[in-house]
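Below: one structure, written as C-alpha cells.
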Amino acid sequence: MLGAWAQEQKLMKALLAILLLFVGAVVVVYIAGSIFEQNLHTEIEIDAPPEIVWEHLTDFGEYPTWHPFSKKFSAELLAGSPIYGTSQLPGQEPQEFVFTLLTVEHASELRWKGGLPIPGLFDGEHYFIIEEKPDGNVRFIQGEDFSGVIPLFFFDNFKNDFESNYETVNQALKKLSASKMDSMVRRE
C-alpha cells in the first residue's frame, strides 16, 4: 500500500515539474514576443497638402470606395474609440476586426492597435504619419510594429505580403489625393 502511494507521489511530482516547465516556457516566449518587436515601414511622396491626405485617411466611411482591401470601416475620430471593419485581402475570405484608435493628431498622425483575442499572441500597432515637405506636399509613412509570439517566430512568413499590401494602399491614397488636387485646380 505504501509503495503505491509513493509511486503516486512520484508521478504527481513529475507531472507538476512538467507543468511548471511548460508554464515557464510560455512565460519566456510571451515576454520575448513583447520585448522583440518586428517592424514594417513604407513611405510614399504625395503631391497634395497634409489636409487633403488627412481628409481621405480619416474619412472612414469612404474607405470602401478607394481602399483596396476595406469592405467596411467605421470609427469615431477620437483616441480610445473602437474601429469596426471588414477587410478582404486578395485570395482570402473577408475578415471582421475591432481595433482601438490610439493617436489622432490632426493632419499629422493616426495610429491604432489590434490583434488576436488572446493578448501576446499577435498584436500590431498600425500607424500613418503625414509629414509636410518644404514644397507643401507630403511624405506619407505607413507602418506597423508587431509584437507577440507569432511575429517573433513567423514574421518573415508574412512580412512581404503585408509590405506589398501597405504599398498598394499608399498608391491608392496617392491617386485619390492627386485626383482631389486636380479637381480643385480645374475649379479655379
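The values are calculated or read from the model by the stated rules, or taken from the named source; none is laboratory data. Nothing here was measured: the structure is a model prediction, and the numbers come from that model. Methodologically, a virtual Cβ is constructed for each residue, glycine included, from the backbone with ideal geometry; neighbour enumeration extends over all protein chains shown.
Please indicate, with yes or no, whether at least one residue in region 5-17 is assigned to a helix (DSSP H, G or I), over 16 Å from the mean Cα position of the chain (by Cα) and modelled with pLDDT of 95 or more.
We begin by selecting, within region 5-17, every residue assigned to a helix (DSSP H, G or I); these are 5-17.
From what is left, the residues that are over 16 Å from the mean Cα position of the chain (by Cα) are 5-17.
Restricting the remaining residues to those that are modelled with pLDDT of 95 or more gives none.
No, region 5-17 has no match at all.
Can you say whether residue 94 is surrounded by fewer than 14 Cβ atoms within 10 Å (Cβ to Cβ), at pLDDT 95 or above and on the phi < 0 side of the Ramachandran plot, as far as the supplied structure shows? Before you say what the answer is, go through the steps one by one.
Details: surrounded by fewer than 14 Cβ atoms within 10 Å (Cβ to Cβ): yes; at pLDDT 95 or above: yes; on the phi < 0 side of the Ramachandran plot: yes.
Judged against the criteria, residue 94 is a match.
Residues checked against (1) under 23 Å from the mean Cα position of the chain (by Cα); (2) modelled with pLDDT under 95; (3) buried (at least 16 other Cβ atoms within 10 Å of the Cβ); (4) within 13 Å of residue 49 (Cα to Cα):
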site	(1), (2), (3), (4)
141	yes, no, yes, no
148	yes, yes, yes, no
157	yes, yes, no, no
161	yes, yes, no, no
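So, of the residues in region 110-128 that are in a strand (DSSP E or B) and among the hydrophobic types (A, V, I, L, M, F, W, C), which turns out to be farthest from residue 162 (Cα to Cα)? Break it down into steps so the answer makes sense when it comes.
So the first thing to find is which residues in region 110-128 are in a strand (DSSP E or B), and the list is 110-115, 123-128.
Now drop any that are not among the hydrophobic types (A, V, I, L, M, F, W, C), which leaves 110, 112, 128.
On the way: 110: 18, 112: 16, 128: 15 Å.
Checked region 110-128; the qualifying residue farthest from residue 162 (Cα to Cα) is 110.
Give me the residue from region 122-138 that is over 22 Å from residue 77 (Cα atoms) and touching a residue at least 60 places away in the same chain (Cβ under 8 Å) and, out of that set, farthest from the chain's Cα centre (by Cα).
Step by step, filter region 122-138, then rank; the result is 136.
What single numbered condition from (1) modelled with pLDDT under 95; (2) of a type in the set (A, V, I, L, M, F, W, C); (3) touching a Leu at 6+ places or on another chain (Cβ under 9 Å) fails to hold for residue 89?
All conditions pass for residue 89, except number (3).
Checking residue 136 against (1) within 21 Å of residue 171 (Cα to Cα); (2) at pLDDT below 95; (3) in a helix (DSSP H, G or I), which single condition isn't satisfied?
(3)
Which residues, taken from region 38-57, are surrounded by fewer than 18 Cβ atoms within 10 Å (Cβ to Cβ) and part of a strand (DSSP E or B)?
39, 41, 43, 44, 45
If a residue has to be crowded, with 18+ Cβ neighbours inside 10 Å and more than 23 Å from residue 172 (Cα to Cα) to count, how many in region 100-119 make the cut?
Going through region 100-119 one residue at a time, the tally reaches 1.
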